[in-house]
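Colleague: Below: one structure in structure tokens.
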Amino acid sequence: MSEQTIIDICVEPIELCKLLKIANMVDGGGEAKTMISEGHVLVNNEVTVQKRKKIRNGDIIEYDGKIVQIAYNPAKKSAEFINKVVFASKKVQRKKRAKSKARVLSAETVTEPSVER
């Protein structure tokens, strides 16, 4: 069995897929989501397939032989951690804005039916 590492998080709860990226257990978010959905990740010794499962203080995450215990430490906000969390939330906001703009544009392009003579 592997040695247990403690990861300090400054935001609680945190989504499982984000935590895997921050803990450098996976290379990217796509890989994290795939590994979770295929059942390769254990949370508190139980297989989970919820990509956005909320992880809290004291939870134990296991993936690929690595074991990580979560510790909540609001005073320890590393620049890298904050940057990743803020970037992820900004990306979601941009997607929402793009969707709403697409809806407005599609509503404006609706043409009136032609009248047959």
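The values are calculated or read from the model by the stated rules, or taken from the named source; none is laboratory data. From a predicted model like this one, the values you see are computed outputs, not experimental measurements. As a convention, Cβ positions derive from the backbone with ideal geometry for all residues, glycine included, and neighbour counts pool all protein chains shown.
Colleague: Consider only pairs whose beta carbons are under 8 Å apart and that are at least six residues apart or on different chains; among these, list those whose first residue lies in region 23-34 and is assigned by TED's automatic domain parsing to the domain that holds ILE7 and surrounded by 15 or more Cβ atoms within 10 Å (Cβ to Cβ) and whose second residue is part of a loop (DSSP other than H, G, I, E, B) and modelled with pLDDT of 85 or more.
Modeller: Between residues of region 23-34 that are assigned by TED's automatic domain parsing to the domain that holds ILE7 and surrounded by 15 or more Cβ atoms within 10 Å (Cβ to Cβ) and residues that are part of a loop (DSSP other than H, G, I, E, B) and modelled with pLDDT of 85 or more, the close pairs are MET25/ASP64; ALA32/MET25; ALA32/VAL26; ALA32/LYS51; LYS33/LYS51.
Colleague: Provide a single number: the residues in region 3-22 that are surrounded by 12 or more Cβ atoms within 10 Å (Cβ to Cβ) and in a loop (DSSP other than H, G, I, E, B).
Modeller: Residues flagged as surrounded by 12 or more Cβ atoms within 10 Å (Cβ to Cβ) and in a loop (DSSP other than H, G, I, E, B) within region 3-22 amount to 4.
Colleague: Answer yes or no: is there a residue in region 13-24 that is among the basic types (Lys, Arg) and at pLDDT 80 or above.
Modeller: yes
Colleague: Only one of GLU80, GLU108, GLU112, GLU46 is among the acidic types (Asp, Glu), modelled with pLDDT of 90 or more and exposed (fewer than 11 other Cβ atoms within 10 Å of the Cβ). Can you tell me which?
Modeller: Criteria check complete, one pass: GLU46.
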